[in-house]
Amino acid sequence: MESQFLGIDEIAETPAVAVVVDVMRAFTVAAWAFGRGATRIVLAESQAEVLALKARNPGWVAIKDGPPAPGFDAVNSPGLLRSLDLAGRTVVQKTTAGTVGALAVKEASLVLCASFVVAEATARLLRARACDDVTFVVTGEGGQADEDLACAQYIARRATGAGTGAAEFLRRADKSRAADELRQGVREGVHPDDVALCVELDRFPFAMVAAPEDSLMVLRPSAVPSPEETGHRRAAAPHVRLPGV
């Protein structure tokens with residue numbers, strides 16, 4: 001598998017396969033939403049679109065970055081979201097980086113949204129689909145967010161079937177600027193457990209696939225082959241192109 005790692009602004013053409021990574025916190029939150037029973041997540045382009053969709057669909061759950069705001073039901077925090085009952089609900093999510101990254105590659109034939117909590121499931125789906133050329137979209141800090149890059153690199157290596165350990169990648173995420181900002185309260189709408197939840201490995205057994213549905217970009221959980229089905233097909237070590245290299 002050939003992998004490249006790009007920031008959102010570095011995407012010059014539609015990739016064949018895109019894995020959009022936002023560890024802190026969009027796609028950790030998305031995974032928790034599915035874990036709490038949500039059936040789908042609509043990735044919105046703006047907060048105005050979220051509110052418009054919510055107005056037309058009062059039963060939908062609206063999520064945004066930052067502090068609570070009128071019209072929104074929750075904020076982009078896994079620690080705060082984990083107590084909600086979302087069984088059978090549609091969630092509408094707008095964040096600063098994650099949803100923007102997913103919408104930037106919406107024309108790709110396969111779009112996966114990922115974080116550490118679904119890392120192994122994401123890697124197994126890439127193996128099962130025999131993806132040869134994968135673009136990892138590093139959404140934070142113009143493609144330089146170390147928590148997102150670490151997660152992307154880890155998934156890329158796991159997707160080859162290699163027995164790559166997670167400890168160093170998780171350490172990088174835990175020591176990242178985003179983690180420090182969450183701990184120090186620089187960002188609003190934060191729970192004290194957010195960083196720990198964002199660096200929890202493989203909490204959920206599903207991957208998350210985004211695809212157009214009725215003019216909306218919709219994220220859904222996807223079952224993946226078992227480790228026994230994918231674990232024996234080892235590939236060569238990935239060819240990695242880091243940003244700026």
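Since every read-out is calculated from the coordinates, none of them should be taken as a lab result. Note that the coordinates shown come from a computational prediction; the quantities given were computed from them, not determined experimentally. Note that each Cβ is placed from the backbone with ideal geometry, even for glycine, and that neighbours are counted across all protein chains shown.
Each label point was placed 7 Å from the Cα along the Cα-to-Cβ direction; for Arg177 and Glu141 their separation is 0.5 nm.
For Ala210, the shell of other residues with beta-carbons less than 9 Å away shows a net charge of +2, using +1 for Lys and Arg and -1 for Asp and Glu. Placing pseudo-labels 7 Å out from each Cα toward the beta carbon at Glu213 and Ala162 gives an inter-label distance of 3.6 nm. Counting Lys and Arg as +1 and Asp and Glu as -1 over every other residue whose Cβ lies under 12 Å from the Cβ of Lys106, the net charge comes to -3. Centre-to-centre separation between the Cα atoms of region 18-51 and those of region 168-214: 12 Å.
In deg cm²/dmol and to the nearest 500, what is the mean residue ellipticity at 222 nm of the chain if only DSSP H runs of at least 4 residues count, each as -39500 (n - 2.57), divided by the residue total? So the calculated ellipticity at 222 nm is -8500 deg cm²/dmol. Of the peptides 103-113, 15-25, 138-148, the order by per-residue mean of other Cβ atoms within 10 Å, starting with the highest, comes out as 15-25, 138-148, 103-113. Between Leu103 and Ala196, take the C-beta separation as r, use R0 = 22 Å, and let me know the FRET efficiency to the nearest 0.05. The value I calculate is 0.15.
Of the beta bridges in the chain, as assigned by DSSP with both residues counted there, near 30 percent are antiparallel.
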